[in-house]
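> One structure, pasted below without further comment.
Quick note: the coordinates plus some simple rules give every number you see, no bench work behind them. Note that the structure is a prediction, hence the values are computed from the model and not measured. Note that each Cβ is placed from the backbone with ideal geometry, even for glycine, and that neighbours are counted across all protein chains shown.
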Amino acid sequence: MRQIRVFDTTLRDGEQSPGATMNVDEKLQLARQLARLNVDIIEAGFPITSQGDFEAVKLIAEELETVTVAGLARARFEDIDRVAEAIKNARKTGRIHIVIATSDIHLKFKLKMTRQEVLNASINAVRHARQYTDDIEFSAEDATRSDWDFLCRVTEEVIKAGATTVNIPDTVGYTAPVEYSELIEYLMNRVPNIDKCVVSVHCHNDLGLAVANSLAAILKGAGQVECTINGIGERAGNASLEEIVMALKTRPKLFMADTSIVTREIYKTSRMVSKITGMIVQPNKAIVGANAFAHESGIHQDGFLKERSTYEILKPEDIGIPGSKLVLGKHSGRHAFKDRLGQMGYHLTDDDVNHTFERFKALADQKKYVFDEDIETLITEEISKTDYVYNLVSLGVTCGTEDKPIARITISKRGEELKTESTGDGPVDATYNAIAQLTETKSQLIRYEVKSITGGTDAQAEVFVTIEEDGRTVRGAGSHTDTIVASAKAYINAINKLEGKNRVITQGV
Ligand SMILES: [Zn+2]
């Protein structure tokens with residue numbers, strides 16, 4: 001069995017999905033979960049683009065003991081120096097990931113450089129980075145639309161200059177499995193020093209082929225896959241981590257390759273990413289969608305009940321889908337609560353445990369049974385909100401068939417309490433009008449979605465909203481047993497994100 005390295009870029013490429021901005025605390029929280037999932041490398045950000053990205057890479061690199069932490073840099077010394085600064089005290093290893101385009105279309109219109117200039121810049125960048133660390137990844141952006149011989153030349157030279165991983169990205173999601181495997185094979189045969197590096201693949205899903213392309217490349221000897229949880233990423237997204245990992249796991253004889261992923265952590269990681277980014281997982285999404293293990297049709301159910309393997313190639317428990325079991329109730333104490341957090345893999349500070357416990361008690365008062373999913377939601381919210389400008393203090397709404405809906409709301413703005421009341425076409429509308437007044441937001445509400453976290457009428461509602469201001473889109477999520485309160489939290493969460501960082505440079509791989 002070949003061991004394939006899993007390079008997770010949820011925090012960098014995934015975060016570049018429209019609206020999926022994460023703050024430093026959210027990235028740290030997610031990075032800890034990615035470490036429990038046991039990915040090999042986490043790409044935590046693009047340090048030169050913002051202080052937040054720099055801090056995220058630095059904090060994650062300094063905390064994680066078992067994972068290599070990478071930061072992205074263009075082939076420029078100032079970008080590379082910034083990554084080097086962020087990873088210099090990495091607990092395990094820090095990686096500098098350098099990217100420059102190699103396709104003629106990018107050279108001509110974007111970089112305005114000749115092939116020779118790109119080759120020189122690549123070599124100089126890798127040499128410069130090698131002063132700081134031995135773990136250097138080089139990405140030939142838009143590799144799949146590059147001239148194959150030029151790509152071979154660049155690959156050979158950056159390996160000579162010290163690159164230890166060479167990535168062949170399908171940046172625009174253009175290739176197909178048959179072509180991509182030929183390209184990987186071509187590089188394997190033509191680049192004389194290819195055995196001195198790990199060949200990596202990074203596929204985008206514009207034609208729905210990202211996972212298929214990645215698997216085709218693995219069959220030809222690629223040793224690293226770059227992917228994201230839930231396949232989030234720019235445009236149609238990146239190759240999805242859970243799909244690649246479970247394909248290798250389910251078909252070992254076909255692929256003769258495996259990863260070190262702890263598959264039982266997949267479902268939890270997927271939920272956390274959805275919650276933090278505000279991006280709902282489509283119900284029919286492979287592996288982690290709500291319907292991925294639902295057997296509807298009568299014939300299938302009959303077969304399934306006689307023998308699971310008739311229609312089931314994967315088991316829900318393999319990816320850690322909980323049987324929605326009752327964990328705690330109203331009378332559970334702080335100690336039991338803390339124990340349960342530990343079993344679920346969360347190790348919080350005493351302060352965070354105390355705050356989360358208060359919220360757990362409040363929830364247990366509203367809701368008969370508290371499930372693992374409810375607790376995960378509480379923790380994610382608790383950890384996300386630390387640097388937020390606005391927080392919901394209280395909300396009261398009257399509505400129904402007789403009354404004109406009125407919302408009375410108090411929110412805090414950096415600790416200062418603001419109050420107002422407002423009417424609207426319905427309770428959510430009234431609440432949103434009141435929030436818009438207090439925050440003076442100029443954003444437009446683009447989408448509003450409601451989902452329940454577990455079953456039952458006392459289940460927590462999870463609300464996702466998308467808002468837009470000056471062409472910038474952000475998403476927010478909120479949950480509560482009361483749908484209107486969940487709606488208010490989601491809207492405030494989105495407005496907080498809008499107040500957050502603005503990127504100055506955008507660049508992909
Ligand atoms: Zn990408």
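> So what is the relative contact order of the chain, in percent, for Cα pairs below 8 Å that sit 6 or more residues apart? Before the final figure, lay out the partial values.
Values: 1066 pairs, mean separation 64.1, N = 509.
Here the relative contact order equals 13 percent.
> Which of the three applies to segment 326-384, rounded, prolate or oblate, going by the alpha-carbon gyration tensor with a ≥ b ≥ c and a/c under 1.5 meaning rounded?
Note, shape of segment 326-384 comes out rounded.
> While we're here: What's the extension gain from MET256 to LYS413 if we count 0.36 nm per residue and subtract their Cα-Cα distance?
Working: separation 157, 0.36 × 157 = 56.52 nm, distance 5.54 nm.
Extra length from MET256 to LYS413 when fully extended: 51.0 nm.
> So, in Å, what gap is there between the alpha-carbon centers of segment 181-251 and segment 437-500?
Result: 35 Å between the Cα centres.
> For segment 353-408 and segment 6-36, what is the separation of their Cα centres, given in Å?
Computed from Cα coordinates, the inter-centre distance equals 24 Å.
> If you don't mind, another one. I need the phi-derived Karplus couplings for segment 475-480: 6.51 cos²θ - 1.76 cosθ + 1.60, θ = phi - 60°, integer Hz, Gly and Pro marked x.
10, x, 9, x, 9, 5
> Something else: So how much slack lies between LYS88 and LYS249, counting 0.36 nm per residue of separation and subtracting their Cα-Cα distance, in nm?
Details: separation 161, 0.36 × 161 = 57.96 nm, distance 3.51 nm.
This chain segment gains 54.4 nm when fully extended.
> Assuming 0.890 mPa s and 25 °C, estimate D for segment 2-277 with Stokes-Einstein, Rh taken as the Kirkwood radius over Cα pairs, in µm²/s. Numbers along the way, then the final one.
Details: Rh = 18.2 Å.
Translational D for this selection: 134 µm²/s.
> Just from its helices, what would the mean residue ellipticity at 222 nm be for the chain, if runs of 4 or more DSSP H residues each count -39500 (n - 2.57) and the sum is divided by every residue, rounded to the nearest 500 deg cm²/dmol? Walk me through the numbers on the way to the answer.
On the way: 16 runs with 197 residues, N = 509.
For the chain, the value works out to -12000 deg cm²/dmol.
> Shape call for segment 357-509 from the C-alpha gyration tensor, a ≥ b ≥ c root eigenvalues: rounded (a/c under 1.5), prolate (a/b greater than b/c) or oblate?
Working: a/c = 1.61, a/b = 1.15, b/c = 1.39.
Because a/c hits 1.5 or more and a/b fails to exceed b/c, segment 357-509 counts as oblate.
> Tell me the angle of helix 334-343 to the major Cα principal axis of the chain, expressed in degrees between 0 and 90 and rounded to the nearest ten.
30 degrees
> Further question: Quick check: pseudo-label points 7 Å beyond the Cα along Cα→Cβ at ASN38 and THR457, how many nm apart are they?
That separation, rounded to one decimal, is 4.5 nm.
> If you line up the long axis of helix 51-63 against the longest principal axis of the chain, both from Cα atoms, how many degrees apart are they, to the nearest 10?
On a 0 to 90 degree scale, this one is about 80.
> OK, next. Taking the C-alpha atoms of the chain, how large are the radius of gyration and the largest Cα-Cα span, Dmax, in Å?
Rg then Dmax for the chain, in Å: 24.0, 79.
> Taking Cα atoms, how many degrees apart are the long axis of helix 148-161 and the longest axis of the chain, rounded to 10 and kept between 0 and 90?
90 degrees
> Along segment 287-293, what does the Karplus equation 6.51 cos²θ - 1.76 cosθ + 1.60 (θ = phi - 60°) give for ³J(HN,Hα), rounded to whole Hz, x for Gly and Pro?
Per residue, the Karplus-derived 3J(HN,Hα) values read 6, 10, x, 4, 9, 4, 10 Hz.
> Measuring from a point 7 Å past the Cα of VAL178 along Cα-to-C-beta, which residues in segment 198-240 have an amide N at less than 20 Å?
Answer for segment 198-240: 206-221.
> Subtract the Cα-Cα distance of GLU63 and LEU314 from 0.36 nm times their separation in residues, and report this length gain in nm to one decimal. Write down the numbers at each step before the final one.
Numbers: separation 251, 0.36 × 251 = 90.36 nm, distance 3.38 nm.
So the chain would gain 87.0 nm between GLU63 and LEU314.
> With the crude spin-label approximation of a point 7 Å out along Cα→Cβ, what separation in nm comes out for ASP104 versus GLU117?
Spacing of the two 7 Å Cα→Cβ label points: 1.7 nm.
> Report, by chain and number, residues whose modeled amide H sits under 5 Å from the one on VAL99, excluding near sequence neighbours (fewer than 5 apart, same chain).
Amide H to amide H, under 5 Å and 5 or more residues apart or across chains, VAL99 pairs with ALA73, ARG74, ALA75, SER139.
> With +1 assigned to the C-beta of every Lys and Arg and -1 to the C-beta of every Asp and Glu, and no other charges, what is the dipole magnitude of segment 391-490 about the Cα centre in debye, to the nearest 20?
Working: 11 positive and 15 negative charges, 59 e Å.
Charge dipole, segment 391-490, about its Cα centre: 280 debye, nearest 20.
> So which aspartates and glutamates can LYS110 reach, going by Cα to Cα under 14 Å and dropping same-chain residues fewer than 8 places off?
Within reach: GLU141, ASP142.
> Can you run phi through the Karplus equation (6.51, -1.76, 1.60; θ = phi - 60°) for segment 355-362 and list ³J(HN,Hα) in whole Hz, with x for Gly and Pro?
Once rounded to whole Hz, the list reads 4, 5, 5, 4, 5, 5, 4, 4.
> Going by amide H atoms built from the backbone, whose H comes under 5 Å of the H on GLN460, apart from near neighbours?
ILE453, THR454
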